[in-house]
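Here's the structure, in structure tokens; my notes come after.
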Amino acid sequence: MLSNLVRCILFVCLVTASQQAKSNIDVINVQDFGAVPGQMDVTQAVQAAIERLHQQGGGKLIFPAGEYHFRLPGAMADFERLMRGELDYDTKWGKAGIPYHKAMSFVGLNDAEIIGEDARLVFHGLVQPMEFIDSQQIRIQGLSIDWQRPLFSVGTVVANRADGFDVQVDSDFPLQGGEPVWALMDFDIQRNRLGLVDDWRLTAPLQLLAPQLVRVSGSKAVPVGNRVILRHVGNYRPAIHLLRTSQVRFEDMQILAAPGMGIIGHHCADIVMQNLQVKPKAGRLMSTNTDATHFISCTGEIRIQDSYFEGMGDDATNVHGFYLSLQKTLSKNGVRAYLSVNTQDLLPDWPQPGDEMEWVRGDTLKVYASSTLTSIELNDDGSADLYFSQPIDSALLPSDLLANASKVARLVFKNNQVKRIRARGILFQSRGALIENNEFIDNTGTGILIDTATGWMESIGTQDVVIRNNTLIGNGYGDGTYNSASGIAVLTESSAMASGVHNDLLIENNHIQGVGKTGVYICCSRNVKLKNNEILGNATSLKLEYSDGVVFEGSLPDFKQGKGNSNIQLISELLQ
């Protein structure tokens, strides 16, 4: 009996030692590789730590508290070239072999955590901080991402001229003259929100008049005394790029600046953002140059909750796929198709065998048939040959489009604040979406936009959407306002209108204090229920066009019927 007891004790000790050894192997501290806060450059040390993470196949990578600077020589050189006007501010970094710089790359990981213990990662120049490719079960927590010198400048307008204005630029944004201006917008200091000037792709670079005093030429006028934000680059690489990566969780993250978008997910699944804060550092007015988050052809659920968004150059989020255009018919079961626009991360966006594809009219974006994709063959010219399990519908027109109904993630956007951004609060083309308990305050564009568009070629017609218990105040006074709607707009951007592009929407218990012509605009929809919404401050509370099966419940002081409606039900006394 004693020998059995000894064997049991030895077994427990061995298991405990094994678990401890595994724990010690799994946890990687970047400081053990020489990445010490306050160093000039920690890039190589952090990359060595990441290499150990890859050797293990996963584990935990820790950044202890402190400030970590990433100074990649090539990234800093590209920044200097851009600011001298030697690089095109619309360069498509990452497309067709155009290189870009990466600080941290995670590929093929399973069950990995990147943990910041109050760590601030500070980047210099044109660089993509992080990418996750072909990975799953990823958790990123407690990191703050910032730029030492963001790819924008902020100053105060001191003089106006017929073709522009002069700006005294803050000392945090050093300028030498000759810097390009991809876009600019003003900030109304009296109203504490973005102003009405929104200009793009200036052809003249900044002219240095005195230290930090520059002349902006070829632009709209900006009121003297207003602040102005000058963006020097277009949509560079995102701060965090996710590609073919699933089960990702962001917790307690900050993105204070980025020369492009904050987070892009492409062909990903099941992403959670909990307490993500995309906001400007004090005195900057801008956070990311473009969208805070953006998701392309994803599956599962995109969940953004308890988060804060402010100061972006574009939406807090956009969830969508892409329409494919038809080049020609190949057989009774096959077509050649292409994507006529660039994706936001400049990577191809093709369906996969087994995907359910919807045939869509090119003029209305309305679905008329569906087919299962059996095979796809990519061509050298950028097109692809698609073959289906059944013959193509005889009603096919050359102008029709294809949308992928299998790559449509459910969006949950809940308990968030979206304030003072240029353009819409959120934009999505999702099915099974829930937009609940959010605040949208003083954004230049429409607070919530449901759309599908031929211009951006962003798909797909929405279904089963719930928008409830949101507060929308002061939105829709400037750029990004759709059909004069302050609060909510549901529409298509297409050459013709038809009901039933968007289906089965519930909009209830929302408080909208508008500033424009219309509080809520509904178009091209079917089976919409509006219940107990409080819509104030607009010339028209609700405008309806090309929709049917719409039911109203509750008080609606001002209602305007546009064209093409049918089967409208007024459940209670609406016109007061």
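Points worth noting:
- Filtering the range 296-342 to residues that are β-branched (Val, Ile, Thr) and either more than 23 Å from the chain's Cα centre (by Cα) or under 19 Å from GLU493 (Cα atoms) (or both) leaves ILE296, THR317, VAL319, THR329, VAL335, VAL341.
- Those residues of the range 513-522 which are in a loop (DSSP other than H, G, I, E, B) and crowded, with 24+ Cβ neighbours inside 10 Å, in sequence order: GLY514
- Count - residues of the range 195-243 that are part of a loop (DSSP other than H, G, I, E, B) and in contact (Cβ under 8 Å) with a residue 60 or more places away in the chain: 15
- Positions within the range 53-104 being out of contact with any Phe, Trp or Tyr (no Cβ under 6 Å at 6 or more places or on another chain) and aromatic (Phe, Trp, Tyr), in sequence order: PHE63, TYR68, PHE79
- Failed condition for ARG149, given (1) in a strand (DSSP E or B); (2) over 17 Å from LEU53 (Cβ atoms); (3) among the basic types (Lys, Arg): (1)
- Every test in (1) modelled with pLDDT under 95; (2) under 16 Å from the mean Cα position of the chain (by Cα) is passed by GLY283 save one, and that test is (2).
- For the range 535-562, the set of residues classified as at pLDDT 80 or above and either assigned by TED's automatic domain parsing to the domain that holds VAL367 or surrounded by fewer than 16 Cβ atoms within 10 Å (Cβ to Cβ) (or both) consists of LEU536, GLY537, ALA539, VAL551, listed by residue number.
- Residues satisfying the criterion are absent from the range 139-162 (criterion: touching a residue at least 60 places away in the same chain (Cβ under 8 Å) and under 21 Å from PRO348 (Cα atoms)).
- Filter pass, SER371 being of a type in the set (S, T, N, Q) and part of a strand (DSSP E or B): yes
- Residues that are among the hydroxyl-bearing types (Ser, Thr, Tyr) and under 13 Å from ASP166 (Cβ atoms) were ranked within the range 202-223; the one that is modelled with the lowest pLDDT is SER219.
- Among the candidates ASP385, ASP464, the residue that is assigned by TED's automatic domain parsing to the domain that holds THR329, of a type in the set (Asp, Glu) and at pLDDT 95 or above is uniquely ASP385.
- Among the residues listed as ASP355, ASP349, the single one being in contact with a His (Cβ under 8 Å, 6 or more places away or on another chain) and at pLDDT 95 or above: ASP349
- The lone exception for ASP172 - which of (1) part of a loop (DSSP other than H, G, I, E, B); (2) charged (D, E, K, R); (3) in the same structural domain as MET286 (by TED's automatic domain parsing) it fails: (3)
- Restricting the search to strands (runs of 3 or more DSSP E) fully inside the range 251-311 and requiring at least 2 residues that are surrounded by fewer than 24 Cβ atoms within 10 Å (Cβ to Cβ) gives 269-278, 299-305, 308-310.
- Residue match in the range 228-245 (condition: over 29 Å from LEU121 (Cα atoms) and either under 24 Å from the mean Cα position of the chain (by Cα) or of a type in the set (Lys, Arg) (or both)): no
- Screening GLN176, GLN190 for residues that are over 20 Å from the mean Cα position of the chain (by Cα) and without any contact (Cβ under 8 Å) to a residue 12 or more places away in the chain leaves exactly one candidate, GLN190.
- Residues (in a strand (DSSP E or B) and closer than 18 Å to ILE28 by Cβ) located in the range 48-92: GLY59, LYS60, LEU61, ILE62, PHE63, GLY66, TYR68, PHE70
- Check on ASP88, without any contact (Cβ under 8 Å) to a residue 60 or more places away in the chain, surrounded by 18 or more Cβ atoms within 10 Å (Cβ to Cβ), within 26 Å of the chain's Cα centre (by Cα) and within 30 Å of LEU202 (Cβ to Cβ): no
- The condition of being under 30 Å from GLN327 (Cα atoms) and among the acidic types (Asp, Glu) holds for ASP380.
- From the list SER499, SER525, SER566, SER495, the lone residue that is at pLDDT 95 or above and loosely packed, with under 15 Cβ neighbours inside 10 Å is SER495.
- Condition check for ASP393: modelled with pLDDT under 95, within 13 Å of VAL335 (Cβ to Cβ) and not hydrophobic (A, V, I, L, M, F, W, C): yes
- Taking every residue in the range 396-414 that is touching a residue at least 60 places away in the same chain (Cβ under 8 Å) and pairing it with any residue that is aromatic (Phe, Trp, Tyr) and assigned to a loop (DSSP other than H, G, I, E, B), at least 6 positions away or on another chain, the pairs with Cβ-Cβ distances below 8 Å are LEU401/TYR323; LEU402/TYR323; ALA403/TYR323.
- Evaluation of SER217 against the conditions (1) in the same structural domain as PHE79 (by TED's automatic domain parsing); (2) among the polar types (S, T, N, Q); (3) more than 20 Å from the chain's Cα centre (by Cα) shows that the sole unmet condition is (1).
The values are calculated or read from the model by the stated rules, or taken from the named source; none is laboratory data. These numbers come from a predicted model, not from an experiment. Glycine also receives a Cβ, built like all others from the backbone with ideal geometry; neighbour counts cover every protein chain displayed.
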